[in-house]
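For reference, the structure discussed in these notes is given below.
The values are calculated or read from the model by the stated rules, or taken from the named source; none is laboratory data. If you're wondering where the values come from, they're calculated on a predicted model, not measured in any experiment. So basically every Cβ, Gly included, is an ideal-geometry build from the backbone, and we count neighbours across all protein chains shown.
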Amino acid sequence: MRRRHVLAIMILVIAGYIFTWHLLPAREINLLVVDKTVPEPDYREHRAIFWIAEHRRFTTADGRFYRADRDYLGYHPETETKQTLSGADLLDVDFLYLADSYGIYDYEEGLEVYEEKLPHELQDIELIYGGFSLAEAKTVKDFSRQENHILIGEHNIFGYPTYLDPEAAEILQELFAVKYSGWLARYYADLDETAFWMKELYTRIYGREWDLEGRGMVFVREDVTGLGWYTDLVIVEEERFNAPWPVVKNSEHELLAGSSKEVPYLYWVELLEVDEANEHAEILAYYEIPVCEEARDALRARGLADRFPAVIKHAPPGEAIRVYFAGDFADQLPALLPARLFGSAAIQRFLSYIPGLPVEYRFYFQWYEPVLKNILKAGTN
């Protein structure tokens, strides 16, 4: 076959994929995303939500596709607008996603310089906006009392700065039938890249200078009972791993259909306890740390486990379905391909297996995309 014929066929195939997306049926969904952590207009903390909504052709009531730069409530960096969630914002909303509430801070030399210096020196920052107030928590509670609504929450809506108002943090935890212990965990490809305050905390606790390098897990405890910052720290180095990285492991629940049964997740997670007495709460997936017995004992000595809930569903009769992601799941790398391409998610799922691509893409396309798609579809049934 001549080269121009091959090229023509390739063009037709590509054009077919592009135009086929436009021919697929659209589904209306009344979605509101709350994101109080948008320091720059890259919308990193929620853009994955909107990529999936657009690719799967979920639209607003007026028939347009959702946009990451406008269809959320929170902080808007272009105008420095600070929005507060109220009942009026939820009048026509059926699907509420609480994506992030860590907040906006005053960085003396700017965010980029702050992040460059973070592993090397202590830096003062001041909270400008963030967390959920008691009034906002009550607004979310009112929303969740309504049948046929769906509520998603994820790390860190219970943590700092929300826990500065203990009643607000308690209401949000009760909605999802969980209890936040204050402990967080994160995988690092290089422990030397951890924040300098972690290294200082390590020295205060263990009485020696930080000299850790290579892969590892960091467990750090927030002082959720007061106005402090972090109070305890446990490190698991790579020689005490028995697998390359931590993973999310699924149950057989229908909301997880189409997602990988086991997939790496390498960012922040919360250690939560689920209310076992609540018959309407169930754990859909677990987060597992790949540690040997020695490291497992070290974690147990701090009251920590190497396996804890990653996804919890709480569905009280006659009320909203609530799903909680115990990790920073919506905070993902940019998609490799455009949303308006037929089969884009499937293609990128295939590409995510290719060695050399960041492991984070495996979680995004093998797990998060199909799971969020399932939940969004449930909101249109």
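Quick check, is VAL247 under 21 Å from the mean Cα position of the chain (by Cα) and more than 28 Å from LEU151 (Cβ to Cβ)? The answer is no for VAL247.
Scanning the range 333-342 for residues that are in contact with a Phe, Trp or Tyr (Cβ under 6 Å, 6 or more places away or on another chain) and not aliphatic (A, V, I, L, M) gives ARG340, PHE342.
Scanning the range 336-376 for residues that are in contact (Cβ under 8 Å) with a residue 24 or more places away in the chain and either surrounded by 14 or more Cβ atoms within 10 Å (Cβ to Cβ) or closer than 24 Å to PHE65 by Cβ (or both) yields a total of 25. Per the listing LEU266, LEU341, LEU336, the residue uniquely hydrophobic (A, V, I, L, M, F, W, C), within 22 Å of HIS46 (Cα to Cα), under 23 Å from the mean Cα position of the chain (by Cα) and modelled with pLDDT under 95 is LEU336.
Residue count for the range 267-279, restricted to those that are buried (at least 20 other Cβ atoms within 10 Å of the Cβ) and touching a helix residue (DSSP H, G or I) at 6+ places or on another chain (Cβ under 9 Å): 1.
Restricting ALA295, ALA301 to residues that are free of Cβ contacts under 8 Å to residues at least 12 places away in the same chain and over 21 Å from ASP328 (Cα atoms) narrows the list to ALA301.
Residues in the range 307-322 that are without any contact (Cβ under 8 Å) to a residue 60 or more places away in the chain, within 21 Å of LYS249 (Cβ to Cβ) and not basic (Lys, Arg): PHE308 only.
The single condition among (1) crowded, with 20+ Cβ neighbours inside 10 Å; (2) farther than 17 Å from PHE58 by Cβ that LEU333 does not satisfy is (1). Here GLY131 clears all of (1) over 27 Å from LYS377 (Cα atoms); (2) without any contact (Cβ under 8 Å) to a residue 60 or more places away in the chain except the condition numbered (2). Test TRP51 against the criterion of being part of a helix (DSSP H, G or I) and at pLDDT 95 or above, and give yes or no. Spelling it out, TRP51 is indeed part of a helix (DSSP H, G or I) and at pLDDT 95 or above.
Give the residues of the range 140-168 that are under 24 Å from ILE49 (Cα atoms) and among the small types (Gly, Ala, Ser), sorted by residue number. Of everything in the range 140-168, those that are under 24 Å from ILE49 (Cα atoms) and among the small types (Gly, Ala, Ser) turn out to be SER144, GLY153, GLY159. Taken across the range 203-213, residues that are of a type outside the set (Gly, Ala, Ser), part of a strand (DSSP E or B) and under 23 Å from GLY303 (Cβ atoms) do not occur at all. Just checking, does the range 81-89 include any residue being of a type in the set (A, V, I, L, M, F, W, C), buried (at least 22 other Cβ atoms within 10 Å of the Cβ) and within 25 Å of LEU376 (Cα to Cα)? Yes - at least one qualifying residue is present in the range 81-89.
For the range 280-303, filtering for residues that are assigned to a loop (DSSP other than H, G, I, E, B), more than 25 Å from GLU222 (Cβ to Cβ) and modelled with pLDDT under 95 leaves 1.
Taking into account only those residues within the range 146-179 that are crowded, with 18+ Cβ neighbours inside 10 Å and among the polar types (S, T, N, Q), which is nearest to HIS46 (Cα to Cα)? Checked the range 146-179; the qualifying residue nearest to HIS46 (Cα to Cα) is ASN156.
If you go through the range 214-239 one residue at a time, how many are in a helix (DSSP H, G or I) and surrounded by 19 or more Cβ atoms within 10 Å (Cβ to Cβ)?
Counting residues in the range 214-239 that are in a helix (DSSP H, G or I) and surrounded by 19 or more Cβ atoms within 10 Å (Cβ to Cβ) gives 0.
Restricted to strands (runs of 3 or more DSSP E) entirely inside the range 100-196, those with at least 1 residues that are touching a strand residue (DSSP E or B) at 6+ places or on another chain (Cβ under 9 Å), within 29 Å of PHE241 (Cβ to Cβ) and β-branched (Val, Ile, Thr) are 178-188.
Hey, any hits in the range 269-292 for a residue that's in contact with a Gly (Cβ under 6 Å, 6 or more places away or on another chain) and among the hydrophobic types (A, V, I, L, M, F, W, C)? Checked against the condition, which is being in contact with a Gly (Cβ under 6 Å, 6 or more places away or on another chain) and among the hydrophobic types (A, V, I, L, M, F, W, C), the range 269-292 yields at least one hit.
Output the residue which, of all residues in the range 309-363 that are among the β-branched types (Val, Ile, Thr) and part of a loop (DSSP other than H, G, I, E, B), is nearest to ILE157 (Cα to Cα). Top of the filtered list is VAL359.
Out of GLY74, GLY110, GLY103, one residue alone is in contact with a Leu (Cβ under 7 Å, 6 or more places away or on another chain) and under 30 Å from MET198 (Cβ atoms). It is GLY103.
Residues of the range 242-279 being more than 25 Å from LYS373 (Cβ to Cβ) and either hydrophobic (A, V, I, L, M, F, W, C) or assigned to a loop (DSSP other than H, G, I, E, B) (or both), which ones?
Those that are more than 25 Å from LYS373 (Cβ to Cβ) and either hydrophobic (A, V, I, L, M, F, W, C) or assigned to a loop (DSSP other than H, G, I, E, B) (or both): ASN242, ALA243, PRO244, LEU271, ASP275, GLU276, ALA277, ASN278, GLU279.
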